[in-house]
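The block underneath contains the structure these notes are about, expressed in structure tokens.
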Amino acid sequence: MPPLRRTGPVPEAEHPEYAGRYRLGESLGTGGMGVVRLATSDSGLRLAVKVVHREHAADPEFRARFRQEVSAARRVSGAFTAPVVDADPEAARPWMATLFIEGPTLSERVKRNGPLGAEELRGLGAGLAEALRDIHRAGVVHRDLKPSNVLLAADGPKVIDFGISRPVDGEVRTETGKLIGTPPFMAPEQFQRPRDVGPAADVFAMGAVLVHAATGRGPFDSNSPYIVAYQVVHNEPDLAGVPEDLVPLLRRCLAKDPAARPTPEELMTALRLPEGGADPVRVPAQRRVVVAGAAGDAAGAAE
């Protein structure tokens, strides 16, 4: 899911005054499935509260998926994920409140400042590997890791948006023939065997995210999602421009066979910075506010 974009005035019907006991303030943006508003908890925490669009609140399939998202996000905790503070997926307008995180997405950072340096890249990779370790330990597969779902906070990268994640042993909720994910960052098995997708798919996505961070493009770029899908399944990744010492590791992450990919623990070891190394990712002084846990659709495109 790309970060929410400000799209001008939001219809009054999309401006509820409260979500549970939280009085909603400024509209931070809107996506294909919800509006995110700023709020403050009783203890003073700044929150980003996602309230689903009215039409989706009436859709039983969406409600089931939103309950799954809340459940998955609550199961995951760690230094590199954004915690859920409160939620009510059964409300007339389902909502979820996460800690407000200030910082650009990786996608914005690369677009504005260019590819990351070698040490920044290693720091980012180590943080993402630790996030995946925590996510997988909680029994969850993210299934949509991509540059716009990585926030670069001052204390390190945060993985957000569990809108299409699911428990490792859970049911896949999707319509027949509908792809779940974002093609340039999907693993081959997500195209071929979506019901068999496991934690290794997130490792594949992490490899593609790091290629994007290193070069400004993905390893299987094309203007056509169909060509992207073909390349992901059949072609070798384009790793031109990736630091030479990281090429073998990223090639393993992007292996067609899930069993050939490294585990998050192996990645953490391989990407560990030496003593006195650079900070994980330098966040530029001018940062745009981005929301953790914002709403998006199953294909990962905000509308």
Between the modelled labels at Arg217 and Asp196 (7 Å from Cα along Cα→Cβ) the distance in nm is 3.2 nm
Can you give the extra length, in nm with one decimal, that the chain gains between Ser77 and Leu45 once fully stretched, where that is 0.36 nm per residue apart less the Cα-Cα distance?
9.8 nm
Going by C-beta contacts inside 10 Å, put His136, His234 in order with the fewest on the left.
His234, His136
Give me the number: length gained by fully extending Arg23 to Ala91, i.e. 0.36 nm times residue separation minus the C-alpha to C-alpha distance, one decimal in nm.
23.0 nm
Projected label distance in nm at Glu61 and Glu102, using a 7 Å step from Cα toward the beta-carbon:
4.1 nm
Test of understanding: what is the full-extension gain from Glu244 to Thr263, defined as 0.36 nm times their sequence separation minus their Cα-Cα distance?
4.8 nm
Can you put Phe80, Phe162 in order of Cβ neighbours within 10 angstrom, beginning with the fewest?
Phe80, Phe162
What the 5 Å binned alpha carbon P(r) of the range 106-271 shows, as percent of pairs per bin from 0, is 1, 9, 19, 24, 22, 15, 7, 2, 0
Sequence of Val247, Val84, Val203 once ranked by neighbouring C-beta atoms within 10 Å, starting from the fewest:
Val247, Val84, Val203
Semi-axes (Å, rounded, descending) of the ellipsoid equivalent to the range 12-99 per its C-alpha gyration tensor are 19, 17, 11
So what is the relative contact order of the range 106-271, in percent, for Cα pairs below 8 Å that sit 6 or more residues apart?
28 percent
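No value in this document is a laboratory result; all are computed from the given coordinates. Everything quoted here is computed from the prediction, not taken from an experiment. Glycine also receives a Cβ, built like all others from the backbone with ideal geometry; neighbour counts cover every protein chain displayed.
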